[in-house]
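Student: Got a structure here, written out as structure tokens. Questions coming.
The values are calculated or read from the model by the stated rules, or taken from the named source; none is laboratory data. Remember, predicted model here, so these are calculated numbers, not experimental data. Glycine gets a Cβ as well: all are built from the backbone with ideal geometry, and neighbour counts include every protein chain shown. These area figures cover heavy atoms from the full protein model, side chains too; ligands, DNA and RNA do not enter into them. Shrake-Rupley method; radii C 1.70, N 1.55, O 1.52, S 1.80 Å.
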Amino acid sequence: MKRFFFFLAVIAGVLFQSNSVLGQQLDRAHTLKIYNWSDYIDEDLLEEFEQWYEEHTGEPVKVIYQLFDINEVMLAKIEKGHSDYDLTCPSDYIIERMLRNGLLLPINKDFGDTPNYIGNVSPFMVEKIGKIDAPGKNPNDYAVGYMWGTSGFLYNKAFVTEEDLSSWSALWNPKFEGKILMKDAPRDVYSPLLIYANYDKIQSGEVDIEQLMFDMSDESLATVEELINRSKPNIYGWEADFGKEIMTQNKAWFNLTWSGDAEWAIREAERVGVNLAYTIPEEGSNYWFDGWVIPKYAVNTKAASYFINYMCRSESAIRNMDVIGYVSAVATPEVLEHMQEQSIENGDTQERDMTYFFGEGAENVILNKVMYPDKETFDRLALMHDSGDRTQALLEMWSRVKGDNLNPVILGIIAAVVILIAIIVISRKSKDKKRKSKNGKNTKKK
Ligand code: SPD
């Protein structure tokens, strides 16, 4: 009899266990885990999505929203850590890497009765996503454009002129000693400097700027390393995502950064009377885009694709742009109208042709130039590509150039901690020595 009850208890235990496991799975199945850049969304949209999703699918969902500052951190979590994010938002060259390495799932764009808003994305963006180089795969099946922009200099007009920054060589101009904030993102520094180093050859047609973005040879790495080293006396600090705040506080004179952060900083600085602007050096630079992708280890792929769809509504695009300063990939007439109204309100008057992004009807529109560059500016820019197994060499170069550039405050703290530990160890040793010699004397007395 005892044995029978024991057997029953074991079965009940197993059932209880499997139920709770099942319970957890159910919870996870109704969770949407998003891993996005910091400061990159109107966060109210997250809760509103939960409601919208339930209305459109009859299923509940809870959004868990986590943040990263640079692509490489996000990539490591998925590539090495196999994290089960349902959705993330890498840049062009990282999407390329993830696609080449089989780390992405195709996005299901069939939403039943729910309207498909993904068609709101500009054909320009679809064409740029098509430039992702992943043999045998159509990148547009795996990524939907979210935001796009350029890389250049955000500068404080009180100290620097646009003319000063007409070339990347401003980075090692001695008059900017200790005044430059550098983006702490290896690819975003390497690529424009590689363009700078090859400028003459690009001009003469010997080098194709698009092809150059695949180059990570030892020679090119050494050239860029030398250029960064030359700029080091000018570097105030390295920043992944806080440059915009530092610039609004008047601390550094200019910042190698992304157009969206620049736009955000320009707006914020204006409120406190600081006059910032943004420019792209004449030699050229990068344009980039960040796109929604569903990683291989995702669990809730349905909610992930619905979320992408939700982000492509004109309303979501407009609200995101208003909050973060970046430019949405969505190019509907509503977006154009809103952005035009805003630019006029801010005092812009110059009509421009923006058909390359908005299509027909945008021949003479008034739009903010930091956010929406002219076609002729855009034509000086190129898209980055995955550096494959050369990535390690780039990261090594990066830690070499940054290694001896530690903030003096941090160096001071490290030195103080080392000295403190040394004092503790020495004083313990001397106490031990005294105790031993005392014990020795006591033993002799006996
Ligand atoms: N704070 C959000 C920043 C997102 C910028 N993405 C730009 C990537 C360029 N490679």
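Student: In the stretch 334-355, which residues are farther than 16 Å from T377 by Cβ and either assigned to a helix (DSSP H, G or I) or in contact with a Leu (Cβ under 7 Å, 6 or more places away or on another chain) (or both)?
Tutor: Once the filter is applied, which keeps residues that are farther than 16 Å from T377 by Cβ and either assigned to a helix (DSSP H, G or I) or in contact with a Leu (Cβ under 7 Å, 6 or more places away or on another chain) (or both), the stretch 334-355 yields E334, V335, L336, E337, H338, M339, Q340, E341, Q342, S343, I344, E345.
Student: List the helices (runs of 4 or more DSSP H) that sit entirely inside the stretch 144-216 and contain at least 3 residues that are among the hydrophobic types (A, V, I, L, M, F, W, C).
Tutor: Once the helices (runs of 4 or more DSSP H) in the stretch 144-216 are filtered for at least 3 residues that are among the hydrophobic types (A, V, I, L, M, F, W, C), what remains is 186-197.
Student: Name the single residue, out of those in the stretch 98-121 being touching a His at 6+ places or on another chain (Cβ under 9 Å) and open to solvent by less than 40 Å² (accessible area, probe 1.4 Å), that is nearest to Y306 (Cα to Cα).
Tutor: F111
Student: Check F242 against each of (1) open to solvent by 10 Å² or more (accessible area, probe 1.4 Å); (2) within 11 Å of the ligand (Cβ to nearest atom); (3) touching a residue at least 60 places away in the same chain (Cβ under 8 Å) and name the one condition it does not meet.
Tutor: (3)
Student: Moving on to the next point. When residues of the stretch 245-261 are filtered for being in a helix (DSSP H, G or I) and either surrounded by fewer than 24 Cβ atoms within 10 Å (Cβ to Cβ) or without any contact (Cβ under 8 Å) to a residue 24 or more places away in the chain (or both), how many remain?
Tutor: 3
Student: Is it the case that the stretch 222-236 has a residue that's in contact with a Leu (Cβ under 6 Å, 6 or more places away or on another chain), within 16 Å of the ligand (Cβ to nearest atom) and either under 26 Å from Y146 (Cα atoms) or open to solvent by 20 Å² or more (accessible area, probe 1.4 Å) (or both)?
Tutor: No: the stretch 222-236 contains no residue that is in contact with a Leu (Cβ under 6 Å, 6 or more places away or on another chain), within 16 Å of the ligand (Cβ to nearest atom) and either under 26 Å from Y146 (Cα atoms) or open to solvent by 20 Å² or more (accessible area, probe 1.4 Å) (or both).
Student: Turning to a different aspect of this structure: Quickly run through the stretch 138-178 and pick out the residues that are of a type in the set (K, R) and out of contact with any strand residue (DSSP E or B) (no Cβ under 6 Å at 6 or more places or on another chain).
Tutor: If the condition is that a residue be of a type in the set (K, R) and out of contact with any strand residue (DSSP E or B) (no Cβ under 6 Å at 6 or more places or on another chain), then K175 is the only one that fits.
Student: Quick one: is V274 among the β-branched types (V, I, T), within 16 Å of the ligand (Cβ to nearest atom), over 26 Å from M384 (Cα atoms) and surrounded by fewer than 24 Cβ atoms within 10 Å (Cβ to Cβ)?
Tutor: no
Student: Can you list residue pairs whose Cβ atoms sit under 8 Å apart, with the first residue in the stretch 141-153 being free of Cβ contacts under 8 Å to residues at least 60 places away in the same chain and the second being more than 9 Å from the ligand (Cβ to nearest atom) and open to solvent by 10 Å² or more (accessible area, probe 1.4 Å)? Count only pairs 6 or more apart in sequence or on different chains.
Tutor: So the pair list comes out as D141/P106; D141/I107.
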